[in-house]
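Novice: I am attaching a structure below and will ask some questions about it afterwards.
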């Protein structure tokens, strides 16, 4: 179930949770205690996060939640830190120790029987009664009352935002529902990497900027701008290793892009999806002052849509 973006709703019948900055995953355990982690695009993430196997102690259930890496200084989820784990299918013991993850379970979907048609309040009560806990497992809190207060708390704790949930709402798999309303504290967009420019100066031998795209309502791939900030040296090396095998001779866009970008571009197959943070959008639909946040390997290119 996916949330719809919007302002924090007012009035009765809503509960509020913090929005966690990580990787969404459905966790299912068998009667034998085996765990399977599935991303929102049906990618099997189980081997990438072996420490979450302790969920197997809670048998025959299905949870919805977020895999997060906590910043050791602030205690807040760090998407940048999680990037070190997201692209490793079988992490070493050293990497697991350096970047431990936790599973924040926020919904109970199955416990001896399906709970999808039950109201959120009943599912949440069942989740709390499970007593989930452990080194890598947590059930984050929810709040009732004034959602604006929860938003202010999220801001003070440097969290991503707030998700409001209808207390009488059922779980709607695969749908972006207004039963869940997400209110982020900063604007982000998913974007397809369609090309890059060569780096200069300190970045010689790597990339200078990524050329970004997204699909419009008609299904055409449009140019939405470029991003040249937010990269560490390690991320630059990682991106170059991924982009070089994808190089192609022609532009993947379904439109002409400005010559100032096209003349320096090295085109790639539009298969990698990333996330950027941006200030606002120009009148011609370009992201203004974007900053790279990281790759989103659990997203498909078709999901990167122009929504502004």
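Novice: Based solely on C-alpha atoms, express the radius of gyration and the Dmax of the chain in angstrom.
Specialist: Final numbers for Rg and Dmax: 20.4, 60 Å.
Novice: Ok, one more. As a test of understanding, state the convex hull volume per residue of the stretch 49-99 from its alpha carbons, in Å³.
Specialist: Taking the convex hull of the Cα positions in the stretch 49-99, it is 103 Å³ per residue.
Novice: Still on this structure, please answer the following. Give me Rg/Rg_expected for the stretch 60-164, where Rg uses Cα atoms only and Rg_expected = 2.2 N^0.38 Å with N residues.
Specialist: Compared with the compact-globule rule of thumb, the stretch 60-164 sits at 1.22.
Novice: Over what distance in Å are the Cα centres of the stretch 76-139 and the stretch 38-69 separated?
Specialist: 6
Novice: I've got another one for you. Which angle from 0 to 90°, rounded to the nearest 10, does the C-alpha axis of helix 147-156 make with the longest principal axis of the chain?
Specialist: 60
Novice: What whole-number volume per residue, in cubic angstrom, does the convex hull of the C-alpha atoms of the stretch 229-308 give?
Specialist: Spelled out: Cα convex hull of the stretch 229-308, divided by residues, is 123 Å³.
Novice: Among 38, 224, what is the fewest-to-most ranking by other Cβ atoms within 10 Å?
Specialist: Starting with the residue having the fewest Cβ neighbours, the order is 38, 224.
Novice: Rounding to the nearest 10 and keeping the result within 0 to 90°, find how far the Cα-based axis of helix 233-243 lies from the longest principal axis of the chain.
Specialist: 80
Novice: When the scattering of the stretch 2-184 is computed by the Debye formula from its Cα atoms alone, each counted once and equally, what is log10 I(q)/I(0) at q = 0.09, 0.17 Å⁻¹?
Specialist: Each listed q corresponds, in turn, to -0.31, -1.15.
Novice: Which of 217, 98, 154 moves most in a GNM of the chain, Cα contacts under 10 Å?
Specialist: For the chain, modelled as a Gaussian network with Cα springs under 10 Å, the answer is 217.
Novice: If you don't mind, another one. With springs connecting C-alpha atoms under 10 Å apart, model the chain as a Gaussian network and identify which of 56, 205, 126 has the largest mean-square fluctuation.
Specialist: Maximum among the listed residues: 205.
Novice: Between residue 242 and residue 90, what is the label-point separation in nm under the 7 Å Cα-to-beta-carbon projection?
Specialist: Each label point is offset 7 Å from its Cα along the Cβ direction, giving 2.2 nm.
Novice: Normalized C-alpha radius of gyration of the stretch 1-79, against 2.2 N^0.38 Å?
Specialist: My calculation over the Cα atoms of the stretch 1-79 gives 1.31.
Novice: Choose one answer from 197, 135, 167: the residue with the largest mean-square fluctuation in a GNM of the chain with alpha-carbon springs under 10 Å.
Specialist: Sorting by GNM fluctuation, first place goes to 135.
Novice: Explain nothing, just the number: relative contact order of the stretch 1-85, from Cα pairs under 8 Å at least 6 residues apart, as a whole percent.
Specialist: 30
Novice: Over every pair of different alpha-carbon atoms in the stretch 104-235, take the mean of 1/r and invert it; report that Kirkwood radius in Å.
Specialist: About 18.9 Å for the stretch 104-235.
Novice: Just rank 47, 136, fewest to most, by other beta-carbon atoms within 10 angstrom.
Specialist: 47, 136
Novice: Another question, then. With a cut-off of 8 Å between alpha carbons and a minimum separation of six or more residues, what is the relative contact order of the chain in percent?
Specialist: 19
Novice: Same structure again: Using Cα-Cα distances under 8 Å and only pairs 6 or more residues apart, what relative contact order does the stretch 187-303 have, in percent?
Specialist: So the answer I get is 32 percent.
Bear in mind these aren't lab numbers, they're just calculated from the coordinates by the rules spelled out. Here the structure is a predicted model, which is why all the values come from computation and not from measurement. All Cβ positions, glycine included, derive from the backbone under ideal geometry; neighbour counts span all protein chains shown.
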